[in-house]
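Have a look at the structure below before the remarks.
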Amino acid sequence: MNTVSSFGFKRPTLQSIVMLTLGFWLSASLLLDWVIMPSLYVSGMITQASFATAGYVIFWNFNRIELLAAGLVLTGVLALNQTQSNWRSGSLILSILLLAISLTTTYWLTPEMSAIGMQLNLFETTAEVPANMNLLHGGYWLLEVIKLVAGGTLLKWCWRQ
């Protein structure tokens, strides 16, 4: 009568933390890239003079959260590589790649895009997108795709362990 079922998943706590962090990080990235930014674009905010400032504030906050998530994922993967012998060594490479992408977007792409987008001439009425901005947007989207693929692969590997 007092039998306790032992059925359940037995995952290490660090593995659960890595999976939850990756899930939160990737879903937040998808929300920002596919909901928030397109909504701002469709609503016409991109033509406003304050768009670069608003974009910088949004991405400044999000990039700091990304850095925390990348650090937590890398720490968890390093610890799991030391404690579990059957852990994939490629997970370390993917987690370092995720941290590198976060550092690149935080300290290079976001400030550069905001600086290019700032309207410093108050008398200029036409707001054209500079050619460098399209190049930086392309680089950002490439890094986002790499981040989503690497993060999804790492999440899949954690799930299967």
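The values are calculated or read from the model by the stated rules, or taken from the named source; none is laboratory data. Just so it is clear, the model here is predicted, and its values are computed rather than measured. A quick note on method: Cβ atoms are made from the backbone with ideal geometry, for glycine too, and the neighbour counts reach across all protein chains shown. Each accessible area value is taken on the protein alone, full model and side chains, heavy atoms only, with ligands, DNA and RNA left out. Shrake-Rupley method; radii C 1.70, N 1.55, O 1.52, S 1.80 Å.
Structure notes:
- Where helices (runs of 4 or more DSSP H) fall entirely within region 39-118, those with at least 2 residues that are closer than 23 Å to R160 by Cβ are at 51-83, 90-104.
- Condition met for L154 (open to solvent by 30 Å² or more (accessible area, probe 1.4 Å) and modelled with pLDDT of 90 or more): no
- Check on S16, at pLDDT 95 or above and part of a helix (DSSP H, G or I): no
- Here V77, V57 are screened, and the one residue that is at pLDDT 85 or above and over 24 Å from N134 (Cβ atoms) is V77.
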